[in-house]
Amino acid sequence: MALTGYVGRKAGSVLGQVGELFVIVLEGLRRTWDIRTWWWEFVAQCWFLARVTSVPVLLVSLPLGATVALQVGELAWQLGASSATGSAVFVGLVREVAPMASALLIAGAGGSAMTSDIGARHIRDELAAMEVMAVNPIHRLVTPRMWAASTVAVCLAPLVIVAGAAGGYFFNVIIQGVTPGAYFDGALSLVVTTDLIVTLFKAWIFGFIAAAVSCYMGMTCATSPVGVGRAVNKATVVTFMLVFAMNYVITAIYFLAFPPKVL
């Protein structure tokens, strides 16, 4: 009975936190149309996120594309189909790697900064002071961060594709000796326009989730420096879990609507 009660209390606590998260997200979207109140904060957050994620995303994508080309290229070379490596690299980058890499970097580099910033404001009672001055802290702080994270995530996805393709090009063309024409012809044979559209949609959703969770954790953290640190860690973990779960759902729906093309 004690175990059942504990499980029930934990389940109720989790559901309560999910409800609070949805309240913050919906409240942040409610006055999105009033751009004048959050435009400059949006610009500042976009610049900050682009500055802290652009170089890491390049450093991650280059070896990632080379690794995919290495794994697939060796098998394709043994089968006499080395030119098919480009297809595997581009399909993997466009459909899965690009939105996931951009979202994880937004969550790890930008989301942790969002959580610590809003958490520090929370423990210094700045959020309460804003409410006293009739300024809604969600509209002023959360709304621009959600839109900035989703916008920058969409911009990072093409950067991941280009950098990963360059890494795959180095291994497949420079090392294995496949002609550049065969590499890019194989790369473009399986990728269709809907793949790019869904990738950008995924990146937007994942960036939005990262910012929403980060802001929620910062606004509800314990009022101590230790509480801010725990909120940063919790925000990163929860964001990763939600991003992977949402990626599975979107990919499953997309494959049902548009079955993968076969050469």
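The values are calculated or read from the model by the stated rules, or taken from the named source; none is laboratory data. All values derive from a computational prediction rather than experimental measurement. Backbone-built Cβ (ideal geometry, glycine too); neighbour counts: all protein chains shown. Just so you know, the surface numbers come from the protein's heavy atoms only, side chains and all, with ligands and any DNA or RNA stripped out. Shrake-Rupley method; radii C 1.70, N 1.55, O 1.52, S 1.80 Å.
Want the number for N233 to T37: 0.36 nm per residue separation, take away the alpha-carbon distance, what's left?
Using 0.36 nm per residue and subtracting the Cα-Cα distance, I get 67.6 nm.
Just how much of T151 is accessible, in Å², when a 1.4 Å probe is used and the result is rounded to the nearest 10?
50 Å²
Go through the range 127-136 residue by residue and turn each phi into a ³J(HN,Hα) via Karplus (6.51, -1.76, 1.60, θ = phi - 60°); whole Hz please, and just put x for glycine and proline.
Each residue of the range 127-136 in turn: 5, 5, 5, 5, 5, 4, 7, 6, 10, 6 Hz.
Working with all protein chains in place, sort Y183, Y169 by solvent-accessible area computed with a 1.4 Å probe, largest first.
Per-residue accessible area, sorted high to low, gives Y169, Y183.
If Rh is defined by the Kirkwood formula over all Cα pairs and Rg also comes from Cα, what ratio Rg/Rh do you get for the chain?
Result: Rg/Rh = 1.07.
For the chain, modelled as a GNM with alpha-carbon contacts under 10 angstrom, which of L49, L26, L105 fluctuates the most?
Sorting by GNM fluctuation, first place goes to L26.
Which of these, M133, M241, M100, has the largest mean-square fluctuation under a Gaussian network model of the chain (Cα springs below 10 Å)?
Looking only at M133, M241, M100, the biggest GNM fluctuation is shown by M133.
Just how far, in whole angstrom, is the range 139-190 from the range 11-66 if you go by their alpha carbon centroids?
Result: 20 Å between the Cα centres.
Using a Gaussian network model of the chain with C-alpha springs under 10 Å, which one of V142, V94, V238 is most mobile by mean-square fluctuation?
Comparing V142, V94, V238 in a Gaussian network model of the chain, the most mobile one is V238.
Evaluate the relative contact order of the range 87-177 (contact order divided by residue number), counting alpha-carbon pairs under 8 angstrom at least 6 apart; express in whole percent.
Relative CO of the range 87-177 lands at 56 percent.
Using a 7 Å offset from the Cα along the Cα-to-Cβ direction at both L196 and A120, what is the distance between the two label points in nm, to one decimal?
4.0 nm
What whole-number value in Å² describes the accessible area per residue of the chain for a 1.4 Å probe?
For the chain, the solvent-accessible area averages 51 Å² per residue.
For F244 and A222, FRET efficiency with R0 = 35 Å and r from the beta-carbon atoms, rounded to 0.05?
Here the calculated transfer efficiency is 0.85.
For the chain, what is the mean residue ellipticity at 222 nm derived from helices alone (per DSSP H run of n ≥ 4: -39500 (n - 2.57); sum divided by total residues; nearest 500 deg cm²/dmol)?
Result for the chain: -26500 deg cm²/dmol, rounded to the nearest 500.
Of T179, T236, which has the most accessible area and how do the rest follow, probe 1.4 Å?
So, going from the largest accessible area down, we get T179, T236.
How many percent of the accessible area of the chain is carbon or sulfur, using a 1.4 Å probe?
73 percent
Would you mind calculating the gained length between L15 and F170 on full extension (0.36 nm times residue separation, minus the Cα-Cα distance), in nm to one decimal?
Contour length minus Cα-Cα distance gives 51.0 nm.
Which whole-number percent gives the relative contact order of the chain, counting Cα pairs below 8 Å spaced six or more residues apart?
31 percent
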